[in-house]
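The values are calculated or read from the model by the stated rules, or taken from the named source; none is laboratory data. All figures in this text were calculated on a predicted structure; none of them were measured in a lab. Every residue, glycine as well, gets a Cβ built from its backbone with ideal geometry; the counts of neighbours run over all protein chains shown.
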Amino acid sequence: MSGITASVEQGFSLGDEDFCADVSGALFHAGERLLIVADLHLQKGAAFAERRVLLPPYDTAATLARLGEAVARYQPRAVLALGDSFHDARAGALMNTADRASLAALQSGREWIWVAGNHDPEAPAFADGLQCQTYRLGAITLRHEPSQDRGLEIAGHLHPVARVAAAKGRLRRRCFLSDGARCVMPAFGAYAGGLNILDEAFAPLFTGARTIAHVLGRANVYRIGLESCRPD
Amino acid sequence: MTRAVFPELPDQFSAWFAARGWEPRAHQLELLSLARSGQSALLIAPTGAGKTLAGFLPTLTELAARPARTRSGGLHTLYVSPLKALAVDVARNLEAPIAQMGLRIRVEARTGDTPASRRQRQRRDPPDILLTTPEQLALLLGGPDARPLFATLRRVVLDELHAVTQSKRGDLLALDLARLRKHAPQMTIIGLSATVRDADELRRWLAPQGKDAHMAALVKAPPGAPADLSMLDARERLPWSGHGASHAVHDIYAAIKTAKTTLVFVNTRAQAEAVFQQLWSINEDSLAIALHHGSLDASQRRRVEEAMAQGLLKAIVCTSTLDLGIDWGDVDLVINVGAPKGASRLTQRIGRANHRLDEPSRALLVPGNRFEALECHAAIEATALGAQDTPPARTGALDVLCQHILGSACAEPFDADVLFAEVTSAEPYAHLAHSDFLAALDFVATGGYALGAYERFARIRRDKNGLWRIANGKIAQTWRMNVGTIVESDMLKVRLVRARASKAVAKKSRPAGGSLYYPTKLGGPSRPAYTGPLARGGRVLGQIEEYFLETLAPGDTFLFGGEVLALEGIFEGEAYVSRAHSQAPKVPSYAGGKFPLSTYLAERVRKLISSPRQWSALPQQVRDWLSLQAKVSRLPSANNLLIETFPRGERFYLVAYPFEGRLAHQTLGMLLTRRMERLELMPQGFVASEYALAIWCLRDVAGACASGALSMEALFDEDMLGDDLEEWLQESALMKRTFRTCAVIAGMIERRFPGKEKTGRQVTISTDLIYDVLRRHQPDHILLRAARDDAATGLLDVARLSVMLARIKGRIMHEALNRVSPLAVPVMLEIGREPVYGQAQDQILAQAAAALVEDAMQKPTGKAS
């Protein structure tokens, strides 16, 4: 499958574990056949609608469709959603039948893990799957909000984006940020905004070795050093 | 001497005119008697014809005739101007005749700057005459007290009508006038306008359309004396390309010296900065030359305007920001640097000089390059003929309609059919399809989405009487925060701060009270002229588009506000700059004030080129250039399209000369390169000027034509405007920017997104993300249609391109040359120095992506195993 070969090259390691950084923003652990996605923010449009800001109500469908493509590419044994999977509980409960059906179809035949996030301390009642605060993958802790711990960690929450300088211009794209011990994942949701990786929120998390931004392009993930990144 | 008697005019007015040694002019009296008979009217008059007084005479005479003891009878006349400053200025100017005649008339201005307490009082206790802007009128009409406030209204006076009706602000104003007619059926309108191509369009605009459609009456003031127009024959060589004035700066300076006061018009803010800088670099006499353009801080612009009004300035270098505005009696010379772009635009600019009708305005045209010399000549001829080429009337925008519908509900509950009838009585919406109205209504209510997902969150819904009303008071509050049609592109404040590394140069203070309109001269190192350091959080100089600043790295220098500044960095959404000592700034290329060459003028230029007998009036160097072109290639003709191909370096060039303006050429370039890519000609890039388009390829274009593999006719076939256009448009950054504007105007997103200030960027939703989702799931959504209409008309000039492609069908002349032709040189010189805006942004994205790929290739990521 050529799609995988192209993407498998775009990987990195945390401790002894190898990961493949997918262009969709998902992370795949081949050994466990585990697909990790962060910050789906399902039903964000509906949450805004409650405040009478009427954004196109297709964000949940768009996010699930993209997740569906990643699932089809990797055929994971399990999917782990790393928190803020639902933008808020009330709007989550409003998810329409078609979207619920797509989610159920994705879940069928595989394990599903909802890690709690600040937006969704609990997954909505209709959503099947295991719920937990953190998840352990070998020596790595998976949690929503990055911690200051020294240990290996995969987290979301911060929605990292890199502003990359090229010869004559700049791009702002979502990215994985990793230093070999910690990885902060890009937000996966269609309406999720982004925080520049040079923002001070990232500074205490990546103090040590060389930090690399794995920037999501259209067809590939590009490995960019922070020296090529610019503040907003 | 006996005083002339004007029966139309009350005695106190005749006496007032006579006391000043004036006589009322025929058009002023005509307008007065039309107003007496209850008719709306359009007054077309050149500047200096007493237009404003003409507009207010009917109101002043009516109010003067009120019984002496009556207290205010409510709001009588509303004056609407596109410029805040003009509303304030007219208020001031009305005070004089009112005081001198001892009239008891209250005049007040109301703009965004008016204190809230006064605005509240104005609603409660309105003046007789209120002077305001289209946005403020919309806000007044959306208030719950609109009906009683406007019930007494007798008249609306609209200033600078020709300018207002060309934009979305005009759409909004037209809708608001339709509403005013409802509140005050007795109300009549006086429109004040400069000369336009088709007066009937404006006459319809002033009157209700639909069932009883008619036109406002027309009053024409006599034209002023013909202008004294000439083209500068610069002492120095006329450049091949560029739009600058460095070759002519000594001549311009000399002309400024001979005149009392000069307005120097340029077409872009970047040119304004450059010309201003160049003039000061030779300003041996320290003439008071000031700078005025839209990026400068508003208070700075006000200071320049005030200095001008007080007669303190010798010249102002300005952009279209001064095309309209307060009349300055003392201006006796207008210099237009660069291309005039259109006959009407030039006439209006010339009209800014000498406001005495009987004396000719004096104007000097300074071409920036050889093509512009042709354009200047064509414009001088057109102006002598009194030709007009203002753009055709626009169709009302759907996003503005959405804003208006919500505003209507904020004022009071409405019936959909009644509102539709009212909306279609406004000229821009006269042909609005009922289905489009319903789509707009649906958008306002629940977002207009196919799923009907947001029923429960409707912003407006029907009550038991079938009337639409807002769901809650917060909706009206949000609407008020978002009224208006001007959406700035992402602008960053430019703030002057202390340079990071302190420079070891002596610093000299500026003269006390010195301000930016006298820049310190660019001195050599021995004459450090700039003031000392300013601390962080210093003065705001103005605003610049974010995308321009993104092209700079810290330390890069650019011209702004007449000074060379260095970027220190971007912090918290502001660009921090310091004064630089560099003499070779990187000139800003922000896009302010780019007008396309008018179709009319383009046609005249084509005719001029193709008829050597008319060349006698052109500068010698231009004639030589054209003669050489005729010898080595051929001249473009009035109706054909000339295409030249030639090899140069490693590349093969195709240069076409459609003369349809930069926007249309850019669109053409984008579409042609897509097509050439499919034909495997390997196009590498293109560059568009106002007159020509150059594309370069790795494959031999002429060879492909010779072998029959390529036909120019097929390459330029009209069908490129079908799928190719749509496909490209959908992906383009331009469409995303246009969508953002529409989304803000229509009220899909708020100008200041909730929570933006408080919580940082990861919670905000960029409109790009919304655009991507909406385009995939509901491509026919009303806002996508609105954005597409805007892009096609305003930014791509698709209509013009379409007319051109139809015109040249079967009329393509292909010259296969061995080397570059004289005519091709100007556009070839533009290669590589295209400003960073519009389509060029796409190229940057592509470049950046390529760099990413390169980077990825060099440093393979992941484990090798």
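How many residues are more than 10 Å from chain B (Cβ to nearest Cβ) and crowded, with 19+ Cβ neighbours inside 10 Å when one looks only at region A:219-232?
So the count comes out to 1.
If you go through region B:686-701 one residue at a time, do you hit one that is closer than 26 Å to B:GLN629 by Cα, assigned to a helix (DSSP H, G or I) and touching a strand residue (DSSP E or B) at 6+ places or on another chain (Cβ under 6 Å)?
yes
Can you find a residue that is within 20 Å of B:CYS376 (Cβ to Cβ), part of a loop (DSSP other than H, G, I, E, B) and under 20 Å from the mean Cα position of the chain (by Cα) anywhere in region B:322-338?
Yes: region B:322-338 contains one or more residues that are within 20 Å of B:CYS376 (Cβ to Cβ), part of a loop (DSSP other than H, G, I, E, B) and under 20 Å from the mean Cα position of the chain (by Cα).
Mind checking which helices (runs of 4 or more DSSP H) fall wholly inside region B:112-172 and carry at least 1 residues that are surrounded by 22 or more Cβ atoms within 10 Å (Cβ to Cβ) and among the polar types (S, T, N, Q)?
Of the helices (runs of 4 or more DSSP H) lying wholly inside region B:112-172, those with at least 1 residues that are surrounded by 22 or more Cβ atoms within 10 Å (Cβ to Cβ) and among the polar types (S, T, N, Q) span B:134-141.
Looking only at region B:549-588, filter to residues that are within 14 Å of chain A (Cβ to nearest Cβ), part of a loop (DSSP other than H, G, I, E, B) and within 22 Å of B:THR268 (Cα to Cα); which one of those is modelled with the lowest pLDDT?
Filtering region B:549-588 for residues that are within 14 Å of chain A (Cβ to nearest Cβ), part of a loop (DSSP other than H, G, I, E, B) and within 22 Å of B:THR268 (Cα to Cα), the one modelled with the lowest pLDDT comes out as B:THR551.
What residue, of A:ARG173, A:ARG136, A:ARG163, is in contact (Cβ under 8 Å) with a residue 60 or more places away in the chain and either at positive phi or assigned to a strand (DSSP E or B) (or both)?
Going through A:ARG173, A:ARG136, A:ARG163 in turn, just one is in contact (Cβ under 8 Å) with a residue 60 or more places away in the chain and either at positive phi or assigned to a strand (DSSP E or B) (or both): A:ARG163.
So, in region A:204-216, how many residues would count as being crowded, with 17+ Cβ neighbours inside 10 Å and in contact with a helix residue (DSSP H, G or I) (Cβ under 9 Å, 6 or more places away or on another chain)?
Going through region A:204-216 one residue at a time, the tally reaches 5.
May I ask you to list the residues in region B:78-92 that are part of a loop (DSSP other than H, G, I, E, B) and crowded, with 24+ Cβ neighbours inside 10 Å?
Within region B:78-92, B:SER81 is the sole residue that qualifies.
From A:GLU122, A:GLU50, A:GLU111, A:GLU32, which residue is in contact (Cβ under 8 Å) with a residue 60 or more places away in the chain and either in contact with a helix residue (DSSP H, G or I) (Cβ under 8 Å, 6 or more places away or on another chain) or away from chain B (no Cβ under 14 Å) (or both)?
A:GLU32
Does B:ARG104 satisfy the condition of being charged (D, E, K, R), in a helix (DSSP H, G or I) and surrounded by fewer than 23 Cβ atoms within 10 Å (Cβ to Cβ)?
In short, no.
Check off (1) under 17 Å from A:TRP114 (Cα atoms); (2) assigned to a strand (DSSP E or B); (3) acidic (Asp, Glu) for A:ASP18 and give me the number that stays unchecked.
Among (1) under 17 Å from A:TRP114 (Cα atoms); (2) assigned to a strand (DSSP E or B); (3) acidic (Asp, Glu), A:ASP18 violates only (1).
Checking B:ALA786 against (1) at pLDDT 90 or above; (2) within 14 Å of chain A (Cβ to nearest Cβ): exactly one of these is not met. Which one?
For B:ALA786, the exception is condition (2).
So for region B:406-428 (the condition being charged (D, E, K, R), over 27 Å from B:VAL275 (Cβ atoms), crowded, with 19+ Cβ neighbours inside 10 Å and within 22 Å of the chain's Cα centre (by Cα)), does at least one residue qualify?
Looking for residues that are charged (D, E, K, R), over 27 Å from B:VAL275 (Cβ atoms), crowded, with 19+ Cβ neighbours inside 10 Å and within 22 Å of the chain's Cα centre (by Cα), one finds at least one in region B:406-428, hence yes.
So how many residues does region B:4-23 have that are in a loop (DSSP other than H, G, I, E, B) and in contact (Cβ under 8 Å) with a residue 24 or more places away in the chain?
3
Determine whether region A:204-218 contains at least one residue that is within 11 Å of chain B (Cβ to nearest Cβ), in contact with a His (Cβ under 9 Å, 6 or more places away or on another chain) and in a strand (DSSP E or B).
no
Quick one: in region B:702-732, of everything that is hydrophobic (A, V, I, L, M, F, W, C) and part of a loop (DSSP other than H, G, I, E, B), which residue is surrounded by the most Cβ atoms within 10 Å (Cβ to Cβ)?
In this case the residue turns out to be B:PHE716.
Quick check on this structure: which one of B:ARG480, B:ARG469 is touching a Pro at 6+ places or on another chain (Cβ under 7 Å) and in contact (Cβ under 8 Å) with a residue 60 or more places away in the chain?
Selected residue: B:ARG469, the only one of B:ARG480, B:ARG469 that is touching a Pro at 6+ places or on another chain (Cβ under 7 Å) and in contact (Cβ under 8 Å) with a residue 60 or more places away in the chain.
Restricting the search to region B:1-23, which residues are out of contact with any Pro (no Cβ under 7 Å at 6 or more places or on another chain) and either buried (at least 21 other Cβ atoms within 10 Å of the Cβ) or among the hydrophobic types (A, V, I, L, M, F, W, C) (or both)?
B:MET1, B:ALA4, B:VAL5, B:PHE13, B:ALA15, B:ALA18, B:ALA19, B:TRP22
Take the residues of region B:209-236 that are among the acidic types (Asp, Glu) and either in a loop (DSSP other than H, G, I, E, B) or modelled with pLDDT of 90 or more (or both): which is farthest from B:ALA199 (Cα to Cα)?
Taking the candidates together, the pick is B:GLU236.
Output yes when any residue across region B:180-198 is within 11 Å of B:GLU427 (Cα to Cα) and in a helix (DSSP H, G or I), and no when none is.
So far as region B:180-198 goes, no, none of its residues is within 11 Å of B:GLU427 (Cα to Cα) and in a helix (DSSP H, G or I).
Please enumerate the residues belonging to region A:191-203 that are among the aliphatic types (A, V, I, L, M), more than 7 Å from every other protein chain (Cβ to nearest Cβ) and surrounded by fewer than 22 Cβ atoms within 10 Å (Cβ to Cβ).
Result: A:LEU198, A:ALA201, A:ALA203.
Could you tell me which numbered condition A:LEU67 fails, if it satisfies all but one of (1) at the interface with chain B (Cβ under 10 Å from one of its Cβ atoms); (2) on the phi < 0 side of the Ramachandran plot?
If we test A:LEU67 against (1) at the interface with chain B (Cβ under 10 Å from one of its Cβ atoms); (2) on the phi < 0 side of the Ramachandran plot, just (1) comes out false.
Hey, any hits in region B:450-459 for a residue that's more than 14 Å from chain A (Cβ to nearest Cβ) and not hydrophobic (A, V, I, L, M, F, W, C)?
Looking for residues that are more than 14 Å from chain A (Cβ to nearest Cβ) and not hydrophobic (A, V, I, L, M, F, W, C), one finds none in region B:450-459, hence no.
Among B:ALA363, B:ALA397, which is touching a residue at least 40 places away in the same chain (Cβ under 8 Å) and in the same structural domain as B:SER241 (by TED's automatic domain parsing)?
Testing whether each residue is touching a residue at least 40 places away in the same chain (Cβ under 8 Å) and in the same structural domain as B:SER241 (by TED's automatic domain parsing) leaves just B:ALA363.
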